[in-house]
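In what follows, a structure is listed as structure tokens, so that the remarks can point back to it.
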Amino acid sequence: MKSNSIKRIAITTGGGDAPGLNAVIRASVVSAINRGWEVFGIREGYGGVLLPDEYPDGGLVPLTRGKVRGITHLGGTILGTSNKMNPLKFPMKQPDGSMKEVDRTDDVVRELKKLKIDGLIAIGGDGSLSIAREIGLKGINVVGVPKTIDNDLDKTVITFGFDTAVSFATACVDRLHSTAEAHQRVIVVEVMGRYAGWIALNTGISATADVILIPEIPYDMTKIAAKIEERYSRGAKFAMVVVAEGAKPKGGTHSVVSKEVGRAERLGGRGDTVAAEIEKATGKETRCVVLGHLLRGGTPTTFDRLISLRFGAAAVRALEEGHSGVMVALDPPMVRYVPLEEATSRMKTVPLDSDTVLTGRDLGISFGD
Ligand code: F6P
């Protein structure tokens with residue numbers, strides 16, 4: 001294996017934020033400085049290199065020990081992030097006023113080379129890591145770090161941010177139990193997760209929901225209504241339903257709120273639809289609570305902090321050891337390096353035979369199928 005003589009690296013955080021980003025940044029910065037490297041943070045994804053005029057103080061922030069002191073436990077990202085500036089699908093206004101997606105990865109590579117950046121640590125989900133892969137192919141040493149509350153990245157057992165999202169969602173469903181029982185209501189809780197049901201599944205099982213709806217198992221409303229009726233008839237006169245934002249009825253599609261040029265489509269509204277349909281089918285008073293971005297905020301759990309610190313330090317070791325085009329990945333008990341190509345070639349969804357799904361079924365939880 002070749003070994004790189006790295007001197008200057010840059011760090012970018014792209015896409016939706018996730019708890020643990022700052023811990024990754026701190027671990028990478030301190031590990032790099034301890035090797036005598038200089039570290040810079042690119043502001044707002046790739047905004048700092050693609051739109052330098054927007055950053056009068058500089059699109060790149062020098063990351064010193066002082067800059068990363070006391071940030072391990074903080075949510076968000078000190079660099080800022082964006083899901084509007086994807087260099088692979090950069091939205092550009094055309095002469096006729098319409099918008100078009102343009103590949104600007106050459107611009108990113110040119111700017112990074114101009115700044116004599118030898119290595120890039122790209123912290124992101126599937127979108128950001130696909131960009132990183134392209135940048136790597138164009139001549140910058142790149143190491144990816146798997147971030148997303150959705151846990152939908154392949155080749156890693158878990159992404160950082162997921163544990164915090166599930167822990168918070170579980171605490172919310174726990175709280176909603178008492179109010180549901182007090183009013184004898186059905187409460188539908190919609191959680192994020194895009195096209196994968198990891199958050200809904202893990203939250204629903206942990207918080208002992210009665211029904212869990214995930215994109216991987218299209219639902220049938222008559223089955224959901226039957227489960228709720230059965231529960232009420234046994235004397236438990238309230239019910240909790242956890243719905244992934246990407247859940248869909250049998251033969252139906254995802255509930256999409258909007259799709260803009262240069263951005264991923266936004267999902268939403270499924271919880272409200274399911275709540276209205278349950279009320280109609282069962283006659284039981286039903287409310288919907290959408291947890292949304294609450295799942296992305298706040299302090300990372302200890303698990304997420306630790307895995308973020310491990311990922312950040314491993315990314316620096318990977319660069320030092322001469323790796324490029326790889327993602328650090330949790331393969332317990334180790335953090336390993338896997339090709340970015342493999343990590344981004346397919347979305348990791350919930351396997352229908354996973355023991356977590358089987359556990360739900362053994363506990364009598366309905367998946368609406
Ligand atoms: O990918 C993370 C995520 O929070 C998804 O779960 C959700 O669908 C999406 O981002 C929301 O994106 P935005 O922050 O653009 O509303």
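The values are calculated or read from the model by the stated rules, or taken from the named source; none is laboratory data. The structure presented is a predicted model; accordingly, all values stated were derived computationally and were not measured. Backbone-built Cβ (ideal geometry, glycine too); neighbour counts: all protein chains shown. Heads up: the accessible areas ignore ligands, DNA and RNA and are worked out on the full protein's heavy atoms, side chains in. Shrake-Rupley method; radii C 1.70, N 1.55, O 1.52, S 1.80 Å.
Overall, the anisotropy analysis places the range 202-252 in the oblate class: the square-rooted eigenvalues a ≥ b ≥ c of its C-alpha gyration tensor yield a/c not less than 1.5, with a/b not exceeding b/c.
Work out the FRET efficiency for ARG8 and ASP53 from their Cβ-Cβ distance, taking R0 = 25 Å, and round it to the nearest 0.05.
It comes to 0.60.
Which shape class, rounded, prolate or oblate, goes with the range 91-179 when its Cα gyration tensor gives a ≥ b ≥ c as root eigenvalues, a/c under 1.5 marks rounded, and past that a/b bigger than b/c marks prolate? Oblate shape, in that a/c is at least 1.5 and b/c is the bigger or equal ratio.
Can you tell me the accessible area per residue over the range 184-320, all protein chains present, probe 1.4 angstrom, in square angstrom?
Numbers: 5460 Å² over 137 residues.
Here the per-residue accessible area is 40 Å².
In this label model, SER98 and GLU342 are separated by 4.1 nm, measuring between points 7 Å along each Cα→Cβ vector. Compared with the direct C-alpha span, the chain from SER354 to ASP106 gains 85.2 nm at full extension, assuming 0.36 nm per residue. Working note: Cα atoms of the range 232-320, range along each principal axis, descending, whole Å: 62, 40, 24.
One chain, two ends: ARG266 and LEU137. Fully extended at 0.36 nm per residue, the span grows by 43.5 nm beyond their Cα-Cα distance.
With all distinct Cα pairs included, what does the Kirkwood hydrodynamic radius of the range 273-364 come out to in Å, to one decimal, could you say?
Values: mean 1/r = 0.0567 Å⁻¹.
For the range 273-364, the Kirkwood estimate is 17.6 Å.
The label-point distance for GLN184 and LEU294, in a model that sets each label 7 Å from Cα toward Cβ, rounds to 2.6 nm.
Would you mind classifying the range 295-349 by shape? Square roots of the alpha carbon gyration tensor eigenvalues, ordered a ≥ b ≥ c; an a/c under 1.5 is rounded, otherwise it is prolate if a/b is larger than b/c and oblate if not. The shape class here is oblate. Pairs exceeding a 24 Å alpha-carbon distance, out of LYS147/LYS227; LYS227/LYS280; LYS223/LYS248; LYS223/LYS348; LYS259/LYS348; LYS93/LYS113: LYS147/LYS227; LYS223/LYS348; LYS93/LYS113. Ordering ILE123, LEU153, GLY139 by Cα displacement along the dipole of the range 116-188 toward the positive end leaves GLY139 in first place; charges were set at the Cβ atoms of Lys, Arg (+1) and Asp, Glu (-1). Its DSSP H runs of at least 4 residues, each contributing -39,500 (n - 2.57), put the calculated 222 nm mean residue ellipticity of the chain at -11000 deg cm²/dmol, to the nearest 500. This model, with +1 at the C-beta of Lys and Arg and -1 at the C-beta of Asp and Glu, gives the chain a dipole about its Cα centre of some 820 debye.
Using the Cβ-Cβ distance between ALA236 and LEU115 with R0 set to 45 Å, the FRET efficiency works out to roughly 0.15.
Averaging the sequence gap over all C-alpha pairs within less than 8 Å and six or more residues apart, then dividing by the number of residues, gives the chain a relative contact order of 23 percent.
Using a 1.4 angstrom probe with every protein chain in place, what is the largest-first accessible-area order of THR302, THR203?
Numbers: THR302 110, THR203 0 Å².
Accessible-area ranking of THR302, THR203, largest first: THR302, THR203.
A Förster radius of 45 Å, combined with the Cβ-Cβ distance separating THR64 from VAL257, puts the computed FRET efficiency at roughly 0.65. Sequence-distant contacts, meaning Cα pairs under 8 Å at least 6 residues apart, place the relative contact order of the range 1-84 at 43 percent. The charge dipole of the range 163-222, taken about its Cα centre with unit charges on the Cβ of Lys, Arg, Asp and Glu (plus for the first two, minus for the last two), comes to roughly 140 debye.
Distance distribution P(r), the chain, all Cα-Cα pairs, bin width 10 angstrom from 0: 5, 24, 30, 21, 13, 6, 1, 0 percent.
Here the range 228-280 and the range 197-212 have alpha carbon centers that stand 13 Å from each other. Give the residue from ALA169, SER345, VAL29 lying farthest towards the positive end of the charge dipole for the chain; charges sit on Cβ (+1 for Lys and Arg, -1 for Asp and Glu) and the dipole is referred to the Cα centre. Looking along the dipole axis, the top candidate is VAL29.
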